[in-house]
């Protein structure tokens, strides 16, 4: 069994005739029996109302863009990310309908929490694969919910909630208490605690919504939500009973400190737990950059394989909320508004090459044994003279492949993972 997995796809425009790398990228992906992609855009005809929140930018494109993504040969999609609910329940419904119309299995979002949690199944003559998808980065209002007695289920995505606690020393704690007293920032939350509406946590001091504990070993701590962990444990264990292989894909923008390339503590805990529960591989995306690879109990965790298609600066339409957020006149078109916010294309994610490099892992199994992990490095046309292909996956040059290899080696060193070059590919050295 071979499984290939790609990162986030944000495709706003049709594939141009000048794009010549489709066949070679597709050729690599379709060597696999199961071919997974994370769809990071809503599919609509711009006829769905926008949520009051978004994943940083409201992203939607016609269903024809899904047809373009399908040209790479995918047979399974994840749809749990920070853009899933950019266009509210209508956008969710139109996206799921477009995938269903094309017989494309999807996981990570649905009309209930049970549906959002459930795996997508890909059956092949070499066995069946269950794919589960979850996101830790989204507005809480995007979270799918269970029904309750007479109350129907809530549509949305499969969310991994988490807690954050900041440890500070005695002097810093005293300063926080003085700030709270002087500003009355905790006035409302203290009243809520007295009324029993907000639960007090022993040893925790609130500064607004932030939680602090006193500890001379200062720093950030994070942990996954126990209910979400229990739910995912049941889902992974049940999938393992009925499928030959289980893949868990997650989407996360949370980080430990100031470095986007470092996965947060709760993500490490979640990913390792998935392997403990029976997952055969855990693959992340989210912050747009390549992150470390860890081999945990003989199974790989890719903390981020980054983008596959990245056209976030090219939506044809934007809601008025975008203009209002940045103080841009509502008469401006989407392209004009984006140009103003980016200071003429000089700032933002689209100006950094590190956001235009990605990984396509290929995992080969023989029964329960993981035999090989190869990675195809790709670059997304950042330096291409033809600007119409910017954001589309291309074969990485020798120089970019070397850069990606060194990035993987540096970021994965704390986890003890090693790599070697195999021609145009990179191989993860198995123990």
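What spacing in nm lies between the two simple spin-label points modelled at residue 49 and residue 204, each 7 Å away from Cα in the Cβ direction?
For residue 49 paired with residue 204, the spin-label model returns 3.4 nm.
At a threshold of 8 angstrom on Cα-Cα distance, excluding pairs fewer than six apart, so keeping six or more, what relative contact order does segment 170-214 reach in percent? Write out the running numbers ahead of the final one.
Values: 26 pairs, mean separation 17.5, N = 45.
RCO, segment 170-214: 39 percent.
How high is the relative contact order of segment 115-189? Use alpha-carbon pairs under 8 Å, at least six apart in sequence, and give a whole percent.
Answer for segment 115-189 is 22 percent.
How far apart, in nm, are two points set 7 Å out from the Cα along the Cα-to-Cβ line at residue 126 and at residue 216?
About 5.6 nm, to one decimal.
State, to one decimal in nm, how far the label point of residue 151 lies from the label point of residue 173, with both points 7 Å from Cα in the Cβ direction.
3.6
With just the Cα atoms defining each centre, how far is segment 1-16 from segment 240-266? Give it in Å.
19
Which of the three applies to segment 1-141, rounded, prolate or oblate, going by the alpha-carbon gyration tensor with a ≥ b ≥ c and a/c under 1.5 meaning rounded?
Working: a/c = 2.01, a/b = 1.25, b/c = 1.61.
Oblate is the answer for segment 1-141, as a/c is 1.5 or above yet b/c matches or exceeds a/b.
State, as an integer percentage, the relative contact order of the chain based on alpha-carbon contacts under 8 Å between residues 6 or more apart. Each step should come with its number before you reach the end.
Numbers: 964 pairs, mean separation 68.1, N = 431.
RCO, the chain: 16 percent.
Shape call for segment 170-214 from the C-alpha gyration tensor, a ≥ b ≥ c root eigenvalues: rounded (a/c under 1.5), prolate (a/b greater than b/c) or oblate?
Working: a/c = 2.73, a/b = 1.41, b/c = 1.93.
Note, shape of segment 170-214 comes out oblate.
Would you compute, from DSSP H runs of 4+ residues alone, the mean residue ellipticity of the chain at 222 nm, taking -39500 (n - 2.57) per run and dividing by the full residue count, rounded to the nearest 500?
Details: 11 runs with 115 residues, N = 431.
About -8000 deg cm²/dmol.
Rank these for me by crowding, 28, 89, 356, going from fewest to most other beta carbons within 10 Å.
Details: 28 20, 89 15, 356 25.
The order, fewest Cβ neighbours first, is 89, 28, 356.
Quote to one decimal, in nm, the extra length available between residue 233 and residue 197 on full extension: 0.36 nm per residue of separation minus the C-alpha distance between them.
Numbers: separation 36, 0.36 × 36 = 12.96 nm, distance 2.95 nm.
Taking residue 233 through residue 197 to full extension adds about 10.0 nm, to one decimal.
Order these peptides, 332-342, 73-83, by their mean beta-carbon neighbour count within 10 angstrom, highest first. Could you put the intermediate results ahead of the total?
Values: 332-342: 16.1, 73-83: 26.3.
By packing density, highest mean first, the sequence is 73-83, 332-342.
Which distance in Å, rounded to a whole number, links the C-alpha centroids of segment 129-147 and segment 102-124?
With segment 129-147 and segment 102-124 each reduced to a Cα centre, they are spaced 11 Å.
By its C-alpha gyration tensor, with a ≥ b ≥ c as the square roots of the eigenvalues, how is the chain shaped: rounded for a/c under 1.5, else prolate for a/b larger than b/c, else oblate? Walk me through the intermediate numbers first.
Numbers: a/c = 1.42, a/b = 1.24, b/c = 1.14.
It is rounded, given that a/c, with a ≥ b ≥ c, falls under 1.5.
Over segment 379-431, what portion of Cα pair distances is larger than 18 Å, expressed as a whole percent? Can you show the working numbers first?
Numbers: 590 of 1378 pairs.
Result: 43 percent of Cα pairs exceed 18 Å.
Hey, in the GNM for the chain with a 10 angstrom Cα cutoff, which one of 210, 59, 392 fluctuates hardest?
So, out of 210, 59, 392, the one fluctuating most is 210.
Where a number appears in this text, it was derived from the coordinates with a stated rule and is not lab data. This structure is a prediction, so every number in the text was calculated from the model and none was measured. Glycine also receives a Cβ, built like all others from the backbone with ideal geometry; neighbour counts cover every protein chain displayed.
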